[in-house]
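A short write-up of the structure that comes next.
Rule-based calculations on the coordinates, nothing more; no lab input. Computed from a predicted model, the values in this text were never measured in an experiment. FYI the Cβ positions are ideal-geometry reconstructions off the backbone, even for glycines, and counts take in every protein chain you see.
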Amino acid sequence: MSSFVKEARREQEVKWAWIWFKQFSSFHGHRGESNWEFSTSHVIQFLQSKRDANIPAWKRMRIIEGLITFRGEIQRRSSEDLMPLLTL
């Protein structure tokens, strides 16, 4: 895979990470505060609200992936605690 394709994919992943993070942080009253140190339980609450709104499982998986990307690429923090959510 060319470096151009890899870079384009990374840009898309970061773009979607910001989109999901903005919705997620707004849900929790943090309004896009990129330094907010959210927990696994915050993510689970958000995912449950999406489930209750009939958002399909594949999209909820994209939300988890986006928040993992946000943690790593934007916040430069470990997302190890979020990884088990990918297998639920």
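Candidates are the residues of region 63-88 that are surrounded by fewer than 17 Cβ atoms within 10 Å (Cβ to Cβ) and of a type in the set (K, R); the one that is farthest from Q12 (Cα to Cα) is R77. For region 8-57, residues that are surrounded by fewer than 16 Cβ atoms within 10 Å (Cβ to Cβ), of a type outside the set (A, V, I, L, M) and closer than 13 Å to L85 by Cα total 5. Residue count for region 35-71 under the criterion of being over 10 Å from the mean Cα position of the chain (by Cα) and part of a helix (DSSP H, G or I): the result is 15. Enumerate the pairs (first residue in region 42-70 and closer than 18 Å to H30 by Cα; second residue anywhere and among the acidic types (D, E)) with beta-carbon separation below 9 Å, excluding pairs fewer than 6 apart on the same chain, so at least 6 apart or on different chains. Taking only residues 6 or more apart or on different chains, the pairs are G66/E13. Restricting attention to region 24-34 and to residues that are over 11 Å from the mean Cα position of the chain (by Cα) and of a type in the set (S, T, Y), the residue that is nearest to S78 (Cα to Cα) turns out to be S34.
For region 74-88, a tally of residues being touching a Lys or Arg at 6+ places or on another chain (Cβ under 8 Å) and in a helix (DSSP H, G or I) returns 1.
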